[in-house]
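Everything below concerns the one structure shown next.
The values are calculated or read from the model by the stated rules, or taken from the named source; none is laboratory data. From a predicted model like this one, the values you see are computed outputs, not experimental measurements. In this analysis, Cβ positions are derived from the backbone assuming ideal geometry, glycine residues included, and neighbour counts consider all displayed protein chains.
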Amino acid sequence: MSVQVAFQKSDGSLIHKLICWWTKSEFAHCEVVVDGIGYGMKGSIDGLHTRKEFLSWQWDFVAVDWDKYQVLKFIDQNKDTKYDFSNFRARVGRLFGDDNPLKDDCAEWVVLIAAHCHDARFHGRNPSKYKPADIYQKLTGKRK
């Protein structure tokens, strides 16, 4: 299958350790992978990044049946979206996000792509309220 969602486990950095501790999950980040290339929101560059290499010990991959052309269309149409630091801080701090439509964090980005691909598992809940572990559970039925 050519589309996957990649879930990054903590790399040992302080920010990853804090994210995993606050979200009670082993995942600190997630992104969509199309034909081996990862696309995701990353705070350190304030927007969309691409990744061509994944350290196998650091990532879990879940295959999804999303149409890769729909995924790539969404990415192209939203490539100038900025990273939502306020939503990230709110989620990690257990406060409430501002749901800025011009900004996304990593989990929100993945959920918006899922909704764009008409994945019914992600309908009915505000995309900004997801964290990587929630997406993993929706896709696999397992909690990590």
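Which one is farthest from ASP119 (Cα to Cα), of the residues in segment 59-77 that are surrounded by 13 or more Cβ atoms within 10 Å (Cβ to Cβ) and at pLDDT below 90? Only one residue tops the list, namely ILE75.
Screening GLU31 on (1) modelled with pLDDT of 85 or more; (2) over 14 Å from ASP105 (Cα atoms); (3) not hydroxyl-bearing (Ser, Thr, Tyr) shows it passes everything except condition (2). Taking (1) acidic (Asp, Glu); (2) modelled with pLDDT of 75 or more; (3) crowded, with 21+ Cβ neighbours inside 10 Å in turn, GLU26 satisfies each apart from (3).
Is it the case that ASP11 is at pLDDT below 90 and at negative phi? For ASP11, the condition - at pLDDT below 90 and at negative phi - is met.
For segment 118-141, residues that are part of a helix (DSSP H, G or I), surrounded by 14 or more Cβ atoms within 10 Å (Cβ to Cβ), of a type in the set (Ser, Thr, Tyr) and modelled with pLDDT of 85 or more total 1.
Within segment 61-76, which residues are acidic (Asp, Glu) and either in a helix (DSSP H, G or I) or in contact with a Ser or Thr (Cβ under 9 Å, 6 or more places away or on another chain) (or both)? ASP76 - this is the single residue of segment 61-76 that is acidic (Asp, Glu) and either in a helix (DSSP H, G or I) or in contact with a Ser or Thr (Cβ under 9 Å, 6 or more places away or on another chain) (or both). Comparison of ASP80, ASP46, ASP104 shows that the only residue that is charged (D, E, K, R), crowded, with 19+ Cβ neighbours inside 10 Å and modelled with pLDDT under 85 is ASP104.
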